[in-house]
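In what follows, a structure is listed as structure tokens, so that the remarks can point back to it.
The values are calculated or read from the model by the stated rules, or taken from the named source; none is laboratory data. From a predicted model like this one, the values you see are computed outputs, not experimental measurements. FYI the Cβ positions are ideal-geometry reconstructions off the backbone, even for glycines, and counts take in every protein chain you see.
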């Protein structure tokens with residue numbers, strides 16, 4: 001029998017340890033997000049995956065999948081599919097784009113007319129833009145009606161609102177503006193058609209009488 005040198009023995013032991021470590025690591029990766037539940041009549045494998053602070057989970061019970069080992073097999077497969085699916089989700093939640101508000105009176109969402117009372121007791125009117133640069137933070141900016149006039153203050157506020165919305169929402173806001181323009185054009189054409197039809201009706205009635 002061939003004797004092993006001390007260095008050869010150490011090398012062999014190290015290889016065995018590395019092999020065991022690799023197997024253990026593989027098992028850990030396969031079981032990541034999968035935990036065993038055995039309590040109060042519930043027996044199965046609980047799968048959890050995470051994305052953007054949300055948890056997606058499901059229980060694979062021994063009873064439903066005909067045994068502990070088969071339930072684990074389904075749980076592992078489900079975890080793999082879930083991880084592939086959530087890859088397509090954006091890294092950050094998509095912010096909701098608010099395009100209408102029943103309380104708004106200016107005709108432009110995020111633009112409102114307000115007034116401030118000076119120390120003298122006199123009120124000064126402003127057009128104010130309110131926006132949220134990031135979730136949980138609110139900012140506003142104002143344009144004086146006295147300084148810019150009614151139309152000037154409103155148009156400045158409207159232009160600024162569109163500028164910050166483009167910066168926050170990008171293409172989504174551009175698409176919203178395009179749709180809004182189409183809707184306004186269609187409504188204008190419809191009104192003009194109605195306006196043109198009324199004189200004809202009146203003329204017909206006059207002739208008939």
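Looking at the range 38-49, which of its residues are farther than 16 Å from residue 66 by Cα, outside any loop (DSSP other than H, G, I, E, B) and out of contact with any helix residue (DSSP H, G or I) (no Cβ under 6 Å at 6 or more places or on another chain)?
Filtering the range 38-49 down to residues farther than 16 Å from residue 66 by Cα leaves 39-40, 47-49.
If we keep only those that are outside any loop (DSSP other than H, G, I, E, B) too, we end up with 39, 47-49.
Hits for the range 38-49 are 39, 48.
In the range 98-115, the count of residues that are modelled with pLDDT of 85 or more, assigned to a loop (DSSP other than H, G, I, E, B), under 24 Å from residue 149 (Cα atoms) and out of contact with any helix residue (DSSP H, G or I) (no Cβ under 6 Å at 6 or more places or on another chain) is zero. Enumerate the pairs (first residue in the range 156-182 and over 18 Å from residue 111 (Cβ atoms); second residue anywhere and at pLDDT below 80 and part of a helix (DSSP H, G or I)) with beta-carbon separation below 9 Å, excluding pairs fewer than 6 apart on the same chain, so at least 6 apart or on different chains. The qualifying pairs do not exist here. Among the candidates 162, 184, the residue that is closer than 22 Å to residue 103 by Cα, modelled with pLDDT under 80 and within 28 Å of the chain's Cα centre (by Cα) is uniquely 184.
Step by step: first the residues of the range 33-45, then only those that are in contact (Cβ under 8 Å) with a residue 24 or more places away in the chain and within 13 Å of residue 79 (Cβ to Cβ), then the one that is surrounded by the most Cβ atoms within 10 Å (Cβ to Cβ). Which residue is that? Reasoning before the result, please.
We begin by selecting, within the range 33-45, every residue in contact (Cβ under 8 Å) with a residue 24 or more places away in the chain; these are 33-34, 43-45.
Those still in the list that are within 13 Å of residue 79 (Cβ to Cβ) too: 33-34, 45.
Details: 33: 19, 34: 17, 45: 24.
Across the range 33-45, the extreme among qualifying residues is 45.
Restricting attention to the range 55-79 and to residues that are part of a strand (DSSP E or B) and surrounded by 11 or more Cβ atoms within 10 Å (Cβ to Cβ), the residue that is farthest from the chain's Cα centre (by Cα) turns out to be 61.
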